[in-house]
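*Asks:* Here you go, one structure.
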Amino acid sequence: MLTGMALEVISSTSAASDRAARWLADWDGQGTHRTATAGDHAGAEWLAVEARALGADAVIEEFALDRLDPVATFLEIGDKRIAAVPVFDAPPTSAGGVTGRLGVAGSGAPIIVAELSPRTVYSGEFERLRRTGEQTGFVVVCVGEQPGMGLINAESFRRPYGAPAIHIASEAGDIVLAAAQAGAEARLVADSRRTPAQGRNVVAVLGGDLARPPLVVMTPRSSWWHSTAERGGGIVCWLETLRALVAMPMTRPVVLTANSGHELNHLGLDDFVERRPGWDRAAADGGALWVHYGANIGAAGGNLSVMSADDALRDLATAELSRQGQSFATTAKNIVPSGETRDIHRTGGRYLTLVGTNPLFHLPQDRWPHSIDLPAVIRCAAAAARIVTTLAG
């Protein structure tokens, strides 16, 4: 394992800062990273090249999906046409859309309007609203910490349900909510097509005998927008961890995976586990140990949390983050993660998650450099590298 001094300097050298800034700027320059789009593919190719440059034999694993491609999405109220984005796990409309009276939930109106944040999907409220009543349309007025189009993840992407549904940016909220209160007539259009496509996971295998349960280091790398703070901090942690691992001998196999399909109910993780049956189970049943670099690590104005049901992993993360001078909170052990390790938690697997908050969460304004706290990203990456090399050594 690398010495403590060797890893501590990651957080204090200009080289570390230069690497992180370059990686984040490269990521931001790829465009939007929605699964199986051009920006997502560019991100996979770029990350594989960076991993190989650090000395890893990185490969791209593809998985099939029917990508949703919007054709026309809007809400018309009288002579006003408001641009919208589809809800990606709702059925489409025809090109003509659906018409009817607007109203709030419980009003009995054909087209329901509700103010919802991107995090609503994790509470179950979004699904409850969409499965209630006989509505013919559903309008989400996006509500985030900042104005904009804060999209909600598609937890049922492969099994669309409910009425056709769309997102409206918060800036149009007053108009749409007033129309709903007045019971105004409207037309909702969510015309889209499904296109066969491939998502891409970037995977690197380092050291050890894969007959033994491995250590898996995972970060999602797809999202609705550029999502530079949402995804970029995890990417930097992943690359700095890889950089540390290739310089040391390991006593156990380590597999690093950066997965697409995050915003579509973790399709990439599903494919990764399907290729490696049993890795998501408890360690006693031959499962892997998982370290997850989640959303918003080092986001400007954000706060970091440590999540794990395992005391030893919590203690290790606490020690290494404290060593780097990085502030954080530790969640209760029974809290179910909202990201990829939610799936590991539910199968009894052993995991550690680093995850943050972000005032620009799921908003198109999440861009380099203003959405990033670069010193925080560097501190978190240094701690992440120490955590993983300790577990791998």
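The values are calculated or read from the model by the stated rules, or taken from the named source; none is laboratory data. Bear in mind that the values here come from a model prediction, so they are computed numbers and not experimental data. Glycine gets a Cβ as well: all are built from the backbone with ideal geometry, and neighbour counts include every protein chain shown. Calculation scope for accessible area: heavy atoms of the full protein, side chains included, ligands and nucleic acids excluded. Shrake-Rupley method; radii C 1.70, N 1.55, O 1.52, S 1.80 Å.
*Asks:* Of the residues Val216, Val236, Val189, which is surrounded by 24 or more Cβ atoms within 10 Å (Cβ to Cβ) and closer than 25 Å to Arg367 by Cα?
*Replies:* Being surrounded by 24 or more Cβ atoms within 10 Å (Cβ to Cβ) and closer than 25 Å to Arg367 by Cα holds for just one of Val216, Val236, Val189, which is Val236.
*Asks:* Give the stretch 91-106 a look and list any residue that's outside any strand (DSSP E or B) and touching a residue at least 40 places away in the same chain (Cβ under 8 Å), or say none.
*Replies:* Pro91, Pro92, Thr93, Ser94, Ala95, Gly96, Gly97
*Asks:* Which condition from (1) within 20 Å of the chain's Cα centre (by Cα); (2) among the hydroxyl-bearing types (Ser, Thr, Tyr); (3) part of a strand (DSSP E or B) is the one that Ser222 breaks?
*Replies:* Among (1) within 20 Å of the chain's Cα centre (by Cα); (2) among the hydroxyl-bearing types (Ser, Thr, Tyr); (3) part of a strand (DSSP E or B), Ser222 violates only (3).
*Asks:* Shifting gears a bit: Checking the conditions here, which among Gly287, Gly339 is over 26 Å from Gly150 (Cβ atoms), assigned to a loop (DSSP other than H, G, I, E, B), open to solvent by less than 60 Å² (accessible area, probe 1.4 Å) and at pLDDT below 95?
*Replies:* The conditions single out Gly287.
*Asks:* Are any residues in the stretch 147-171 touching a residue at least 40 places away in the same chain (Cβ under 8 Å), polar (S, T, N, Q) and under 13 Å from Leu116 (Cα atoms), and if so, which ones?
*Replies:* Scanning the stretch 147-171 gives a single hit, Asn153.
*Asks:* Could you say whether any residue in the stretch 242-252 is basic (Lys, Arg), within 18 Å of Ala51 (Cβ to Cβ) and buried (at least 24 other Cβ atoms within 10 Å of the Cβ)?
*Replies:* Looking through the stretch 242-252, none of the residues is basic (Lys, Arg), within 18 Å of Ala51 (Cβ to Cβ) and buried (at least 24 other Cβ atoms within 10 Å of the Cβ).
*Asks:* Does Ala154 meet the test of being open to solvent by 20 Å² or more (accessible area, probe 1.4 Å) and either at pLDDT 95 or above or not in a strand (DSSP E or B) (or both)?
*Replies:* no
*Asks:* Further question: Check off (1) crowded, with 24+ Cβ neighbours inside 10 Å; (2) closer than 26 Å to Pro214 by Cβ; (3) at pLDDT 95 or above; (4) not acidic (Asp, Glu) for Ile344 and give me the number that stays unchecked.
*Replies:* (3)
*Asks:* For the stretch 157-178, which residues satisfy the criterion of being open to solvent by 30 Å² or more (accessible area, probe 1.4 Å) and either in a loop (DSSP other than H, G, I, E, B) or of a type in the set (Gly, Ala, Ser) (or both)?
*Replies:* Once the filter is applied, which keeps residues that are open to solvent by 30 Å² or more (accessible area, probe 1.4 Å) and either in a loop (DSSP other than H, G, I, E, B) or of a type in the set (Gly, Ala, Ser) (or both), the stretch 157-178 yields Arg158, Arg159, Pro160, Gly162, Ser170, Ala178.
*Asks:* Sticking with this structure for a sec: Evaluate the following for Gln181: is it open to solvent by 10 Å² or more (accessible area, probe 1.4 Å), over 30 Å from Glu145 (Cβ atoms) and among the polar types (S, T, N, Q)?
*Replies:* no
*Asks:* Now for a different question. Taking the stretch 199-209 on its own, how many of its residues are out of contact with any Lys or Arg (no Cβ under 9 Å at 6 or more places or on another chain) and open to solvent by 60 Å² or more (accessible area, probe 1.4 Å)?
*Replies:* 1
*Asks:* With farther than 22 Å from Val203 by Cα, open to solvent by 20 Å² or more (accessible area, probe 1.4 Å) and at pLDDT 95 or above as the only criterion, which of Ala72, Ala64, Ala90 stands out?
*Replies:* Answer to the check: Ala72.
*Asks:* Which of the residues belonging to the stretch 28-61 are buried (at least 19 other Cβ atoms within 10 Å of the Cβ) and assigned to a strand (DSSP E or B)?
*Replies:* Ala58, the sole residue that qualifies.
*Asks:* Name the residues in the stretch 138-151 that are at pLDDT 95 or above, surrounded by fewer than 22 Cβ atoms within 10 Å (Cβ to Cβ) and not hydrophobic (A, V, I, L, M, F, W, C), would you?
*Replies:* Residues satisfying the conditions are Gln146, Pro147, Gly148.
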